[in-house]
1. Here are some residues: ALA102, ALA49. Which one is of a type in the set (Gly, Ala, Ser) and in contact with a Phe, Trp or Tyr (Cβ under 7 Å, 6 or more places away or on another chain)?
2. For region 56-67, what are the residues that are outside any strand (DSSP E or B), surrounded by 14 or more Cβ atoms within 10 Å (Cβ to Cβ) and out of contact with any helix residue (DSSP H, G or I) (no Cβ under 9 Å at 6 or more places or on another chain)?
3. Residues being closer than 17 Å to THR68 by Cα and either free of Cβ contacts under 8 Å to residues at least 24 places away in the same chain or in contact with a helix residue (DSSP H, G or I) (Cβ under 9 Å, 6 or more places away or on another chain) (or both): count how many of those fall in region 89-106.
4. Anything in region 10-55 that is at pLDDT 95 or above, surrounded by fewer than 16 Cβ atoms within 10 Å (Cβ to Cβ) and farther than 13 Å from VAL92 by Cα? List them, or say none.
5. If we scan region 89-111, do we find a residue that is closer than 24 Å to SER17 by Cβ and open to solvent by 40 Å² or more (accessible area, probe 1.4 Å)?
6. Can you name the residue in region 77-87 that is open to solvent by 40 Å² or more (accessible area, probe 1.4 Å) and either free of Cβ contacts under 8 Å to residues at least 40 places away in the same chain or closer than 19 Å to SER51 by Cβ (or both) and is also farthest from the chain's Cα centre (by Cα) among such residues?
7. Which condition breaks for SER70 when tested against (1) open to solvent by 40 Å² or more (accessible area, probe 1.4 Å); (2) among the hydroxyl-bearing types (Ser, Thr, Tyr); (3) touching a residue at least 24 places away in the same chain (Cβ under 8 Å)?
Amino acid sequence: QVHVVESGGGLVQAGGSLRLSCAASGGTFSSYTMGWFRQAPGKEREFVAASRSGGSLSYVDSVKGRFTISRDNAKDTVYLQMNSLKPEDTAVYYCAARIGSAVVELPNLYNYWGQGTQVTVSS
């Protein structure tokens, strides 16, 4: 069983930055694809970014050039650096882990989820 815990959310003004962290335990972290998702009120959970076990990265178009996902396998942690934040980035952000890496955008393919961390961007 893999346990995933997010941290780093908060309130920030538009144009500001936040860094989310996600610590995983209970498995071989380097073998997992790690993904970030977000869910705004009344909306479906949306893929944001993923770091595949093999090293490649993926992003949703709306965050390309603003968000950066990275991982530290020695610390069993994945990060999401969010710059140039916009009010539409406001959501609960979730970290998730899965075995396999062919498709990273579908939340139902992820096996383990964190509890989420709130990100609020004020205009």
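The values are calculated or read from the model by the stated rules, or taken from the named source; none is laboratory data. Predicted, not measured: the structure shown is a model, and the values here were computed from it. No Cβ is skipped: glycine too gets one built from the backbone with ideal geometry, and neighbour counts run over all protein chains shown. Note: accessible area is taken over every heavy atom of the protein model, side chains too, but ligands, DNA and RNA are not part of it. Shrake-Rupley method; radii C 1.70, N 1.55, O 1.52, S 1.80 Å.
1. ALA49
2. Across region 56-67, the qualifying residue is only VAL60.
3. Looking only at that region, the number is 3.
4. GLN13, ALA14, GLY15, GLY16, SER17, ARG19
5. Scanning region 89-111, I find no residue that is closer than 24 Å to SER17 by Cβ and open to solvent by 40 Å² or more (accessible area, probe 1.4 Å), so the answer is no.
6. ASN83
7. Of everything listed in (1) open to solvent by 40 Å² or more (accessible area, probe 1.4 Å); (2) among the hydroxyl-bearing types (Ser, Thr, Tyr); (3) touching a residue at least 24 places away in the same chain (Cβ under 8 Å), SER70 misses just condition (3).
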